[in-house]
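Okay, structure first, notes after.
The values are calculated or read from the model by the stated rules, or taken from the named source; none is laboratory data. Predicted model only: the values in this text are computed from it and were never measured. Here the Cβ positions follow ideal geometry from the backbone for every residue, glycine too, while neighbour counts run over all protein chains shown. Just the protein is used for accessible areas: all its heavy atoms, side chains included, with ligands, DNA and RNA removed. Shrake-Rupley method; radii C 1.70, N 1.55, O 1.52, S 1.80 Å.
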Amino acid sequence: QVQLVESGGGLVQPGGSLRLSCAASRSIVSFNAMRWYRQALGKQRELVAHLSSGGSTNYADSVKGRFTISRDNAKNTVYLQMNSLKPEDTAVYYCNTYLGLTGYWGQGTQVTVSS
């Protein structure tokens, strides 16, 4: 079992940056992958970024070149660096992982991009 706690969200102007953090309650070294999802009001949750245990990354087309997912195994933390933010990036952002067939989610952190 694992608890995930996201932080780092907030209100930012278009073009600004934020770094989200996802702290795990146990070592993430053994996790197969870590992911960031987001869910905008009235929309389905969508996958934003994926980081495999081997270090490979994948991004949604809408965030490629602007977002970067990374991990710090020593801190049991996964990050999402978000640059050049747009109003359409406004959403609640969640981190996710699976242990076996069981999925774990954090409580989410709100990101609002507005002038």
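For Lys64, the lysines whose Cα comes closer than 18 Å to its Cα, not counting residues fewer than 8 places off in the same chain, are Lys86.
Of all aspartates and glutamates in the structure, the ones whose alpha carbon falls short of 16 Å from that of Lys75, not counting any fewer than 8 places away in one chain, are Glu6. Per residue, the stretch 13-70 exposes an accessible area of 55 Å² to a 1.4 Å probe, with every protein chain left in place.
Taking Cα centre as origin and charging only the Cβ of basic (Lys, Arg, +1) and acidic (Asp, Glu, -1) residues, the dipole magnitude of the chain rounds to 80 debye. Just the protein heavy atoms count here, and of the accessible area of the chain at 1.4 Å, carbon and sulfur take up 47 percent.
Extension gain for the segment Val5 to Glu88, taken as residue separation times 0.36 nm less the Cα-Cα distance, is 27.5 nm to one decimal.
Take every Cα pair under 8 Å whose residues are at least 6 apart in sequence, average their separation, divide by the length of the stretch 24-115, and the relative contact order is 28 percent. Residue separation of Thr57 and Tyr104 scaled by 0.36 nm, minus their Cα-Cα distance, works out to 15.0 nm of gained length. Of the trypsin sites (Lys or Arg not before Pro) found in the stretch 44-75, those that fall in a DSSP loop while having at most 13 other beta-carbon atoms within 10 Å are Lys64. Evaluating 6.51 cos²θ - 1.76 cosθ + 1.60 at θ = phi - 60° for every residue in the stretch 71-77, the Karplus couplings come out as 9, 10, 4, 5, 9, 6, 9 Hz, glycine and proline recorded as x. Amide H contacts under 5 Å for Asn76: Ile28, restricted to partners 5 or more places along the chain or on a different chain, H placed in the peptide plane at 1.01 Å from N.
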